[in-house]
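The values are calculated or read from the model by the stated rules, or taken from the named source; none is laboratory data. Being a predicted model, the structure only gives us computed values, none of them experimental. Virtual Cβ from ideal backbone geometry, glycine too; neighbours counted across all protein chains shown.
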Amino acid sequence: MGTGDPKPLDVMKIASIQMVDLHGQYLRLKADIDAAIQQCLDQTDFINGSFVRQFQQDLAAYLQAERVITCGNGTDALQLAFMALSLQPGDEVLVPAFNYVATAEVLMLLGLVPVWADVDPDTFTLTAETAERALTNRTRALVPVHLFGQCADMDPLLRLASAHNLFVVEDLAQAIGSTYTSADQTVKMAGTLGDAGSLSFFPSKNLGCYGDGGALCTNDPELADRLQMIANHGQRVKYKHELVGVNSRLDTIQAAVLTVKLRHLNEFNQHRQLAASRYDSLLSAIPGIKLPARAPYSTHVFHQYTIRVADDKRDGLQRYLREQGIPSMIYYPMAMHQQPAYASSKSPAGSFPVAEALCRQVLSLPMHTELTQREQEYIGSVIADYMHKR
């Protein structure tokens, strides 16, 4: 890629570049999705209908998990997990400082205490070393977030959890389909290594529905029963409420969409991996750009393709991309301990240097199943033009 002007593309094509192309993906699957939705309309089984049961079975088989329990959204999935583990108010849960707010939000609402831990500078995920530094005698659980499409290093985290009798709730909202290879070469799907795994089917996810949706997976039958009950008003049998629960369910139309799309998930992830490889080739020689790391223990399904840009150039590059018709996103602009709702004198600026540096440097480029080579070449040329001139 040269240092001159970006490769010319017609204006309409440039303007069409999107962070996520849900419409293009829908058109590819239109016949099957329309038929599934029509079946729901014909059967009028909008709540707990046949597609919900089918999707739970299909997803459990895909994840190689004993049970899948669907729910209203990914945040609900996290809440259900911590309610089912019967933690007590004041108990502490280790959470990555570089993370979306949902985990901390749920913990605070349940009277639990989120405790931040720094992350690995390459994978941006929780590590056993950072988690161990954050442990106290009140710690009861930890949450490895499989960020941007690949797994946290689970073997050391599971050893730490075992040594301290901690629950492990995996957040695989961004990593469905990713696999983890243990030191003994056992390969497991993300979300199936801890006590439970939480999923989100927000439309932009690798497996997304056309509204809100979520789920939990687990290999523990007793925990699965508790999760199912709590998601359904705490009842196993109608009108007999054994636990304090909530009303959180995946509606049948969303389950129908997900049932169709699940059959294509491996193909979707392969498209993303191909697009990531193209980006690697286009961006690898550009100064000031650090490409996403690939951990040797995990496959990467690229929910996001997130580069690191030198502190003094990231925001300028984002503006320049926008001027050239290219969207980008910063996930996340502020570390958790710096968020106004969660800030504390116990965690002043500088407490989590890796997380804070990432917030200044990360930039996510367009990534979706419909992304074309031509679009990526244009994106790469614009990035090269900016970085070579500054």
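Report the residue count in the stretch 293-307 for those that are in contact with a strand residue (DSSP E or B) (Cβ under 6 Å, 6 or more places away or on another chain) and either outside the structural domain of residue 363 (by TED's automatic domain parsing) or not polar (S, T, N, Q) (or both). Spell out how you get there, then give the answer.
Looking only at the stretch 293-307, we keep the residues that are in contact with a strand residue (DSSP E or B) (Cβ under 6 Å, 6 or more places away or on another chain), and these are 294-295, 297-300, 304-307.
Okay, now just the ones that are also either outside the structural domain of residue 363 (by TED's automatic domain parsing) or not polar (S, T, N, Q) (or both), so 294-295, 297, 300, 305, 307.
Number satisfying all stated conditions: 6.
Taking residue 236 and the conditions (1) in contact with an Asp or Glu (Cβ under 7 Å, 6 or more places away or on another chain); (2) within 26 Å of residue 153 (Cα to Cα); (3) of a type outside the set (S, T, N, Q); (4) not in a loop (DSSP other than H, G, I, E, B), which numbered condition does it fall short on, given that it satisfies the others?
Answer for residue 236: the failing condition is (2).
Name the residue, out of 97, 117, 65, 84, that is closer than 23 Å to residue 259 by Cβ and of a type in the set (A, V, I, L, M).
On the way: 97 fails: closer than 23 Å to residue 259 by Cβ; 117 fails: closer than 23 Å to residue 259 by Cβ; 84 fails: closer than 23 Å to residue 259 by Cβ.
The match here is 65.
Tell me, which strands (runs of 3 or more DSSP E) wholly within the stretch 147-215 include 1 or more residues that are crowded, with 21+ Cβ neighbours inside 10 Å and acidic (Asp, Glu)? Talk me through it step by step, then tell me what you get.
On the way: elements: 167-171, 179-181, 187-189, 196-200.
Here the list reads 167-171.
In the stretch 133-164, how many are in contact with a helix residue (DSSP H, G or I) (Cβ under 6 Å, 6 or more places away or on another chain) and either among the small types (Gly, Ala, Ser) or under 14 Å from residue 95 (Cα atoms) (or both)? Working first, answer last.
Step one: list which residues in the stretch 133-164 are in contact with a helix residue (DSSP H, G or I) (Cβ under 6 Å, 6 or more places away or on another chain), which gives 142-144, 156-157, 160.
Then keep just the ones that are either among the small types (Gly, Ala, Ser) or under 14 Å from residue 95 (Cα atoms) (or both); that gives 142-144, 157.
The number of residues fulfilling the criteria is 4.
Does the stretch 116-129 contain any residue that is of a type in the set (Val, Ile, Thr), more than 16 Å from the chain's Cα centre (by Cα) and at pLDDT 95 or above?
Step one: filter the stretch 116-129 for residues of a type in the set (Val, Ile, Thr), giving 119, 123, 125, 127.
Of the ones still in play, those that are also more than 16 Å from the chain's Cα centre (by Cα) are 127.
Among the residues that remain, those that are also at pLDDT 95 or above are: 127.
There is at least one residue in the stretch 116-129 that is of a type in the set (Val, Ile, Thr), more than 16 Å from the chain's Cα centre (by Cα) and at pLDDT 95 or above.
Of the residues 224, 276, 231, which single one is assigned by TED's automatic domain parsing to the domain that holds residue 300, under 23 Å from residue 202 (Cα atoms) and not polar (S, T, N, Q)? Outline the logic, then answer.
Working: 224 fails: assigned by TED's automatic domain parsing to the domain that holds residue 300; 231 fails: assigned by TED's automatic domain parsing to the domain that holds residue 300.
Step by step, each of 224, 276, 231 is checked, and only 276 is assigned by TED's automatic domain parsing to the domain that holds residue 300, under 23 Å from residue 202 (Cα atoms) and not polar (S, T, N, Q).
List pairs: first in the stretch 185-198 and without any contact (Cβ under 8 Å) to a residue 12 or more places away in the chain, second in a strand (DSSP E or B), Cβ under 8 Å, 6+ apart or cross-chain?
187/179; 187/180; 187/181
How many residues does the stretch 53-105 hold that are aromatic (Phe, Trp, Tyr) and within 30 Å of residue 333 (Cβ to Cβ)? Even if it seems obvious, please write down each step before you answer.
Our first condition is that a residue be aromatic (Phe, Trp, Tyr); within the stretch 53-105, this holds for 55, 62, 82, 98, 100.
Among the residues that remain, those that are also within 30 Å of residue 333 (Cβ to Cβ) are: 82, 98, 100.
Counting residues in the stretch 53-105 that are aromatic (Phe, Trp, Tyr) and within 30 Å of residue 333 (Cβ to Cβ) gives 3.
From the list 141, 97, exactly one residue is in contact with a strand residue (DSSP E or B) (Cβ under 6 Å, 6 or more places away or on another chain), closer than 24 Å to residue 234 by Cα and either touching a residue at least 12 places away in the same chain (Cβ under 8 Å) or surrounded by 22 or more Cβ atoms within 10 Å (Cβ to Cβ) (or both). Which is it? Even if it seems obvious, please write down each step before you answer.
Numbers: 97 fails: closer than 24 Å to residue 234 by Cα.
Of 141, 97, the one residue that is in contact with a strand residue (DSSP E or B) (Cβ under 6 Å, 6 or more places away or on another chain), closer than 24 Å to residue 234 by Cα and either touching a residue at least 12 places away in the same chain (Cβ under 8 Å) or surrounded by 22 or more Cβ atoms within 10 Å (Cβ to Cβ) (or both) is 141.
Could you count how many residues in the stretch 360-389 are closer than 24 Å to residue 207 by Cβ, outside any helix (DSSP H, G or I) and either in contact with a Lys or Arg (Cβ under 7 Å, 6 or more places away or on another chain) or among the β-branched types (Val, Ile, Thr) (or both)?
Adding up the residues that qualify gives 4.
Can you tell me which residue within the stretch 333-347, out of those that are of a type in the set (A, V, I, L, M, F, W, C) and under 21 Å from the mean Cα position of the chain (by Cα), is surrounded by the fewest Cβ atoms within 10 Å (Cβ to Cβ)? I'd like the intermediate steps shown before the answer.
Just the residues of the stretch 333-347 that are of a type in the set (A, V, I, L, M, F, W, C), to begin with: 334-336, 341, 343.
Of the ones still in play, those that are also under 21 Å from the mean Cα position of the chain (by Cα) are 334-336.
Details: 334: 15, 335: 27, 336: 25.
The selected residue is 334.
Among the residues of the stretch 242-283, which ones are surrounded by fewer than 19 Cβ atoms within 10 Å (Cβ to Cβ) and either among the acidic types (Asp, Glu) or modelled with pLDDT under 95 (or both)?
Within the stretch 242-283, 242, 267, 280 qualify.
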